[in-house]
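Structure first, commentary second.
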Amino acid sequence: MATIDIRSVRKSYAQTEVIKGIDCAIADGEFLVMLGPSGCGKSTLLRMVAGLEPITKGEIAIGGRVVNDLEPKDRNIAMVFQNYALYPHMSVYENMAYGLKIKGMPKAEIDAAVKEAARILELGPFLDRKPRQLSGGQRQRVAMGRAIVRKPQVFLFDEPLSNLDAKLRTQMRVEIKRLQSQLAVTSLYVTHDQVEAMTLADRIMVMNAGVAEQVGTPLEVYRRPASTFVAGFIGAPAMNFMPGRMGADGRSVGVDGGLSFTLAEGAAAAGRPVTLGVRPEHLHPANEIPDATTIALRVELVEALGADTVVHGRIEGTSGPILARLPGTARVAIGDVLPLAPAPGELHLFDAETGRRMAA
Amino acid sequence: MQRRVIFDDKLLPYLLLFPQVAVTLVFFIWPALQAVWQSTQLQDVFGLSTQFVWFENYTAVLTDPGYVGSIRVTAIFAASVTGLSMGLALLFAVMADANIRGREAYQALLIWPYALAPAVAAVLWLFIFHPQIGMVGRTLNQAGVPWDYKLNNGQALSLVILASAWKQVSYNFIFFLAALQSIPKSVIEAAAIDGAGPRRRFFTIQFPLIAPTSFFLLIVNVTYAFFDTFGVIHALTQGGPGTATSTLIYNVYKAGMVAQDLGGSAAQSVILMAFVIALTAVQFRFVERRVHYG
Ligand SMILES: Nc1ncnc2c1ncn2[C@@H]1O[C@H](COP(=O)(O)OP(=O)(O)O)[C@@H](O)[C@H]1O
Ligand SMILES: [Mg+2]
């Protein structure tokens with residue numbers, strides 16, 4: 001078992017820097033998910049941990065040992081690739097046994113290990129098949145099997161579920177979580193899917209353009225997003241943002257359109273330009289929330305999702321759209337003006353210039 | 001979708017097929033049939049009288065110790081050319097596949113020899129290995145190593161093998177490189193993580209995965225060594241010294257053009273033709289059943 005330490009790691013391809021200094025300490029047995037939009041550098045960071053890409057600057061240590069100059073095979077890791085990367089000319093059995101054979105493990109032990117992995121992953125009937133004779137879900141399981149038979153110190157996953165259909169993805173997600181908590185192997189998992197991240201992770205690293213915007217538990221990144229990027233990336237529909245300025249008292253924010261919201265705690269100098277954020281699910285009918293600033297939302301679009309109804313609208317006199325997620329029982333029609341108010345303590349305040357969280 | 005038929009429906013397909021069929025008939029089928037016919041004829045030296053002799057020419061050819069010796073030369077020649085050109089091409093392809101800097105230039109340079117006519121290629125080799133005027137040949141002789149491919153059988157055979165193989169390396173290289181690059185990078189990375197070093201990865205992952213290409217190239221190269229190397233041999237050694245570099249295809253030429261034994265030459269070429277047909281059949285069977293991985 002092992003910890004992973006990522007220290008000021010940078011990566012450049014020729015002149016372009018794609019990882020711009022990331023620090024993160026991953027505890028033994030922890031499941032860390034790296035979440036971010038496509039092209040933000042998730043795979044690159046993961047591949048540096050694997051040893052498939054050289055590290056331009058900084059250090060990565062696995063189990064306390066700096067691995068910068070170690071070959072992948074000397075890092076005691078296993079990786080599951082997005083396209084599974086099974087050996088096409090080998091049977092399922094041989095695919096799983098390959099790494100063990102190289103280690104020089106006796107045949108009987110290899111056999112026991114492969115059979116055990118096949119049992120856990122329900123691959124028993126397929127051991128003699130070639131990868132091309134398997135379905136996507138089964139290939140995915142073989143890739144998992146190949147990773148677990150080796151009993152590595154660290155699991156690395158690069159979007160392992162993104163080639164599966166929605167139903168299978170949910171099923172495999174549960175499976176991966178179960179396996180990982182059973183085996184208690186430190187895991188790094190790359191995805192662009194926030195549901196995967198929220199459900200699998202002990203902690204999430206939210207990445208944006210080569211930078212770790214925030215590292216925290218799923219609830220932390222949801223409840224206290226460290227930046228407007230994180231706030232907008234986590235949660236669906238995305239958080240509403242309203243540009244504004246700190247009021248003279250340093251406790252209230254006047255947003256464009258003339259409304260003023262009072263924050264739970266004091267935050268910044270008067271007159272400072274800020275961005276006020278509130279999640280769609282935290283806007284409620286105004287009569288349920290006493291003493292709060294009321295937003296008059298003119299409804300432009302209604303999405304009835306059954307359990308919820310998502311309302312798209314605009315505050316009179318402002319340009320940005322505002323979304324609200326109301327109970328499925330809400331009766332709303334286009335053109336209605338809904339009086340809504342943010343739940344207490346659910347306002348987020350960000351610096352307008354840096355996008356960083358200020359308070360609240 | 002709209003289909004407009006301008007020509008008469010029944011005539012059009014024949015019209016479209018005609019050029020191809022005509023070319024095949026005039027340049028392939030007709031000469032082939034002529035060769036078969038010719039091989040049953042016995043003609044006197046002056047071409048004045050011709051006689052139908054059934055398979056006499058074949059018996060003569062197959063019992064001729066010179067012809068049997070030529071089979072031996074051809075076997076050595078074909079095996080060496082194929083082995084050398086495929087081996088070198090694979091080595092270069094593996095390096096080009098891994099290599100990073102200057103890769104385009106490297107690949108382009110390797111492809112050039114293929115663009116040369118066989119005779120031109122042979123002249124290049126001649127200029128290098130000629131005992132008196134060739135750079136290498138002269139240096140060898142000056143250094144006290146007796147080198148004259150015009151006198152030494154082994155040296156002559158080595159030289160035509162080298163020149164023939166060199167010309168084919170490019171072709172093989174392109175196919176090997178394409179095959180290597182069609183292996184997903186992640187499969188090789190997975191093997192690296194599984195603990196396999198570069199050598200082991202090559203022998204357990206890459207080589208098995210390019211097996212279909214290797215087999216295809218094997219057929220192509222054997223065919224090349226058998227039939228397309230006439231120009232190289234003719235320009236370098238003319239089949240000599242003695243019969244040291246007289247391969248089967250060169251013998252067809254010698255029998256027909258030099259010895260003027262048209263019947264015997266035709267019999268030899270029919271035997272060779274049967275061999276190509278067999279080889280092509282094997283190749284087609286294989287291509288049809290070609291293993292598809294993944
Ligand atoms: N081999 C490479 N050469 C140059 N740029 C690369 C290379 N690999 C990735 N990049 C760039 O690095 C950035 C991050 O890529 P990647 O880590 O694959 O993103 P993600 O996995 O988050 O989608 C992208 O902008 C990509 O274009
Ligand atoms: Mg990626």
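The values are calculated or read from the model by the stated rules, or taken from the named source; none is laboratory data. What you see is a predicted model, and the numbers here were worked out from it, not measured in a lab. Heads up, the Cβs are rebuilt from the backbone with ideal geometry, glycines too, and the neighbour counts pull from every protein chain shown. What goes into the accessible areas is simple: the full protein's heavy atoms, side chains included, and nothing from ligands, DNA or RNA. Shrake-Rupley method; radii C 1.70, N 1.55, O 1.52, S 1.80 Å.
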> From the set of residues in the range A:127-168 that are touching a Ser or Thr at 6+ places or on another chain (Cβ under 8 Å) and within 16 Å of ligand 1 (Cβ to nearest atom), which is farthest from the other protein chains (Cβ to nearest Cβ)?
Replying inline: A:Leu161
>> On the basis of being away from chain B (no Cβ under 13 Å) and within 16 Å of ligand 2 (Cβ to nearest atom), does A:Cys24 make the cut?
In response: no
> Any residue in the range B:195-207 that is out of contact with any Ser or Thr (no Cβ under 9 Å at 6 or more places or on another chain), within 14 Å of chain A (Cβ to nearest Cβ) and in a loop (DSSP other than H, G, I, E, B)?
Replying inline: yes
> Which condition does A:Asn83 not pass, out of (1) within 14 Å of chain B (Cβ to nearest Cβ); (2) of a type outside the set (Gly, Ala, Ser); (3) farther than 30 Å from B:Ile205 by Cα, if it passes all the others?
Replying inline: (3)
> If only one of A:Leu70, A:Leu52 is within 17 Å of A:Pro152 (Cα to Cα), within 11 Å of ligand 1 (Cβ to nearest atom), within 13 Å of another protein chain (Cβ to nearest Cβ) and more than 21 Å from the chain's Cα centre (by Cα), which one is it?
Replying inline: A:Leu52
> Restricting the search to the range A:169-184, which residues are open to solvent by 10 Å² or more (accessible area, probe 1.4 Å) and among the hydrophobic types (A, V, I, L, M, F, W, C)?
Replying inline: A:Val174, A:Leu183, A:Ala184
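Among A:Gly29, A:Gly39, A:Gly58, which is outside any helix (DSSP H, G or I) and touching a residue at least 60 places away in the same chain (Cβ under 8 Å)?
A:Gly29
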> In the range A:1-21, which residue that is within 12 Å of ligand 1 (Cβ to nearest atom) and part of a strand (DSSP E or B) is nearest to the other protein chains (Cβ to nearest Cβ)?
Replying inline: A:Tyr13
> Just to be sure, is A:Leu46 within 14 Å of chain B (Cβ to nearest Cβ), open to solvent by less than 60 Å² (accessible area, probe 1.4 Å) and of a type outside the set (Ser, Thr, Tyr)?
Replying inline: yes
> Going through the range A:95-115 one residue at a time, which ones are open to solvent by 40 Å² or more (accessible area, probe 1.4 Å) and either of a type in the set (A, V, I, L, M) or more than 10 Å from every other protein chain (Cβ to nearest Cβ) (or both)?
Replying inline: A:Met105, A:Pro106, A:Lys107, A:Ala108, A:Glu109, A:Asp111, A:Ala112, A:Lys115
> How about the range A:311-335: which of its residues are part of a strand (DSSP E or B) and either modelled with pLDDT under 90 or open to solvent by 50 Å² or more (accessible area, probe 1.4 Å) (or both)?
Replying inline: A:Arg314, A:Ile315, A:Pro321, A:Arg325, A:Pro327
> Would you pick out the residues in the range A:61-79 that are in a strand (DSSP E or B), among the hydrophobic types (A, V, I, L, M, F, W, C) and away from ligand 2 (no atom under 13 Å from the Cβ)?
Replying inline: A:Ala61, A:Ile62, A:Val66, A:Ile77, A:Ala78
>> Please count how many residues of the range B:120-158 are open to solvent by 80 Å² or more (accessible area, probe 1.4 Å) and of a type in the set (A, V, I, L, M, F, W, C).
In response: 4
>> Quick test for you: out of A:Ala166, A:Ala143, A:Ala118, pick the one residue that is over 26 Å from B:Ile183 (Cα atoms), of a type outside the set (S, T, N, Q) and open to solvent by less than 20 Å² (accessible area, probe 1.4 Å).
In response: A:Ala118
> Given (1) within 23 Å of A:Met90 (Cα to Cα); (2) in contact with a Leu (Cβ under 8 Å, 6 or more places away or on another chain); (3) at pLDDT below 95, where does A:Ala147 come up short, assuming only one miss?
Replying inline: (2)
>> Can you tell me how many residues within the range B:159-193 are within 14 Å of chain A (Cβ to nearest Cβ), of a type in the set (Gly, Ala, Ser) and surrounded by fewer than 19 Cβ atoms within 10 Å (Cβ to Cβ)?
In response: 2
>> Residues that are away from ligand 1 (no atom under 16 Å from the Cβ), under 24 Å from B:Ala191 (Cβ atoms) and open to solvent by less than 10 Å² (accessible area, probe 1.4 Å): does the range A:192-203 have at least one?
In response: no
>> Residue pairs, Cβ under 7 Å, 6 or more apart or interchain, first in the range B:120-138 and closer than 19 Å to B:Leu157 by Cβ, second assigned to a loop (DSSP other than H, G, I, E, B) and of a type in the set (S, T, N, Q). List them.
In response: none
